[in-house]
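J.: Let me give you the structure first, and then I'll get to my questions.
The values are calculated or read from the model by the stated rules, or taken from the named source; none is laboratory data. None of these values were measured; they are calculated from a predicted model. Methodologically, a virtual Cβ is constructed for each residue, glycine included, from the backbone with ideal geometry; neighbour enumeration extends over all protein chains shown.
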Amino acid sequence: MAIEQASLGTPSIGRWEERLLVANRWALILLLATMAVLVIANVISRYVFSYSFTWVEEATRYMMIWSAFLGAGVALRVGGHIAIDTLPGALPPRAARLLRALIVLVLAVTLLVLIWLGVEYSEFAWEQETPVLGWSFGKVYLAMPIGAALMLVHLGLVARRWIGTGEWEKVEGFDPQAL
C-alpha cells in the first residue's frame, strides 16, 4: 500500500519516511475509528437496551490522549499547529531563515524535554491502575514521550525545507492555513 509521492507533496521522500507516515496515519485512523465505534455502540446500548458499558468512556479517553500525541507530528508536517507567522514574513529572507532555524531549535529542545519528562512521569505512574479497566497509568502516559519522539522525527524530516522556504508539506485536498 504505497502512497504516491505527489500526494505527500514531497518529491524527495524516502521509502522509510513513507512507511513512517503510512504507519503513523494508520495508527491514527484505527484509534479514531475504534473510538467512534465504541462511543456510538455505547450510546445505542444506553438508549435502546438501557445498559451502558462502563469501560468505554475510560478506554476512549485514553485513546484520545494517544491520538493527540501520535497525530502531533503529522500535523506539524503540514503546518497544522497554531503559529504566528507575521514576523518571519516581514523580515528579509536571510533573517527569516535564521528566525525559523531558531524556532526549530527551540521546538527540538522542548520536545527533548517532553520526552525526558514523559519517561519520568510514566515510570512514576507505572504501578498505578486506571479505575475501571485496571490498566497501568504508565502505559497511558507513555503517549507523551512516544508522541514527542515521533514529533521530533517528523520535525527533523521537514525542518530543512521549512527553514529554507517557510513552506510546509502539501497534502492534496487539505490546507490547514485555510481552516
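J.: Being surrounded by 14 or more Cβ atoms within 10 Å (Cβ to Cβ), within 13 Å of the chain's Cα centre (by Cα) and modelled with pLDDT of 95 or more is the filter here, so list the residues in the range 25-39 that pass it.
T.: Within the range 25-39, 27, 28, 31, 32 meet the criteria.
J.: Which of the numbered conditions does residue 128 fail, given that it passes all the others? Conditions: (1) in contact (Cβ under 8 Å) with a residue 60 or more places away in the chain; (2) over 19 Å from residue 64 (Cα atoms).
T.: All conditions pass for residue 128, except number (1).
J.: Something else about it: With the checklist (1) loosely packed, with under 15 Cβ neighbours inside 10 Å; (2) touching a His at 6+ places or on another chain (Cβ under 6 Å) in hand, flag the one item residue 77 doesn't pass.
T.: (1)
J.: Please go through (1) at pLDDT 90 or above; (2) small (Gly, Ala, Ser); (3) not in a helix (DSSP H, G or I) for residue 80 and return the number of the only condition it doesn't satisfy.
T.: (1)
J.: Could you pull out the residue among 155, 114, 107 that is under 24 Å from residue 60 (Cβ atoms), touching a residue at least 24 places away in the same chain (Cβ under 8 Å), out of contact with any Asp or Glu (no Cβ under 9 Å at 6 or more places or on another chain) and surrounded by 13 or more Cβ atoms within 10 Å (Cβ to Cβ)? Talk me through it step by step, then tell me what you get.
T.: Numbers: 155 fails: under 24 Å from residue 60 (Cβ atoms); 107 fails: under 24 Å from residue 60 (Cβ atoms).
Criteria check complete, one pass: 114.
J.: Quick one: is residue 70 touching a residue at least 40 places away in the same chain (Cβ under 8 Å) and either under 30 Å from residue 17 (Cα atoms) or not hydroxyl-bearing (Ser, Thr, Tyr) (or both)?
T.: In short, yes.
Listed here are the residues, each with its yes/no results for (1) under 17 Å from the mean Cα position of the chain (by Cα); (2) within 30 Å of residue 159 (Cβ to Cβ); (3) among the basic types (Lys, Arg).
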site: 44; (1), (2), (3): no, no, no
site: 70; (1), (2), (3): yes, yes, no
site: 79; (1), (2), (3): yes, yes, no
site: 105; (1), (2), (3): no, yes, no
site: 114; (1), (2), (3): yes, yes, no
site: 117; (1), (2), (3): no, yes, no
site: 126; (1), (2), (3): no, no, no
site: 133; (1), (2), (3): no, no, no
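J.: Out of 147, 164, report the one residue that is part of a helix (DSSP H, G or I) and within 15 Å of the chain's Cα centre (by Cα). So that I can check it myself, show each step before the final result.
T.: On the way: 164 fails: within 15 Å of the chain's Cα centre (by Cα).
Matching residue, one of 147, 164: 147.
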